[in-house]
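Below: one structure, written as structure tokens.
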Amino acid sequence: MKLTVIGAYLPRLTPKRLALWIEEDVHAFATGIREMKLQGLAQSWSEEEIESRAAELPEELEEALSAAALFEVLVEDHVGDFDPFAIFEKHTSSVAWEPAYLSLDGTHSIAESNGDPPDVASFRVVFYIHEWPKAGELVGPTGAIIHPPFAETPERLWKLAPYDLLD
């Protein structure tokens, strides 16, 4: 199996887009809890609790995403097991977080969120690494993984690889 990092991104490089994503995520959270309540689920959430949590989320999300790096890796000649959590940052030991499996052209998801990798020979996997240090080093199952210089997060990845807070 061959791993090639084809993209390295820092969400903090586009503060306006980061702020918009946070706003959308917080809205989706509150709307989602309210919809579940209408379906008879999440009954323990009061409206005050929903509003309180929605007020806390922006700061937490901004703090987490401002310190995170997002990587897009081309996986080729995949046979058998692929463990995205075997990819980590050398100095902090932070592992791949919330892997999203994408098509070879990177335009659509090909597996369920947080599910098993797809049963195909080649695909892309996108994941975050928390608390990426200034001189961070990406390490995989076979050793150091070289990545390109960091760039702005592409619009497609804001949608295809959304961030979930580490609880």
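Each value in this text was obtained by applying a stated rule to the coordinates, not by laboratory testing. Quantities reported herein were computed from a predicted structural model and do not represent experimental measurements. Using ideal geometry, Cβ is built from the backbone for each residue, glycine included, and neighbour counts are taken over all protein chains shown.
Hey, what did segment 1-105 get for relative contact order, percent, Cα under 8 Å, at least 6 apart? Before the final figure, lay out each step's value.
Working: 83 pairs, mean separation 45.3, N = 105.
About 43 percent, as a whole number.
So if each residue of separation counts as 0.36 nm, and I subtract the Cα-Cα distance between T107 and A86, what length gain in nm does that give? Display every interim value, and only then the final one.
Numbers: separation 21, 0.36 × 21 = 7.56 nm, distance 2.46 nm.
5.1 nm is the gain from fully extending T107 to A86.
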Computed for segment 15-64: size of charge dipole around the Cα centre, +1 on C-beta of each Lys and Arg, -1 on C-beta of each Asp and Glu, debye to nearest 20, value 260 debye
log10 I(q)/I(0) for the chain, Debye formula on C-alpha points only (no solvent), q = 0.11, 0.14, 0.16 Å⁻¹, two decimals, reads -0.50, -0.77, -0.95
Measuring from the longest principal axis of the C-alpha atoms of the chain, the long axis of helix 15-38 (C-alpha) lies at a number of degrees, nearest 10, equal to 60 degrees
Taking R0 as 30 Å and r as the Cβ-Cβ distance between A19 and W45, the FRET efficiency 1/(1 + (r/R0)^6), rounded to the nearest 0.05, comes to 0.75
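Is segment 15-64 best put as rounded, prolate or oblate by its Cα gyration tensor, with a ≥ b ≥ c the root eigenvalues, rounded for a/c under 1.5, and otherwise prolate when a/b is larger than b/c, oblate when not? Could the numbers behind the result be given before it?
On the way: a/c = 3.54, a/b = 2.10, b/c = 1.68.
It is prolate, given that a/c is not under 1.5 and a/b is the larger ratio.
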Partner aspartates and glutamates whose C-alpha sits under 14 Å from that of K2, ignoring same-chain residues fewer than 8 away, are E72, E76, D77, D81, D83
So the angle from the long Cα axis of helix 47-67 to the longest Cα principal axis of the chain, reported in degrees to the nearest 10, equals 30 degrees
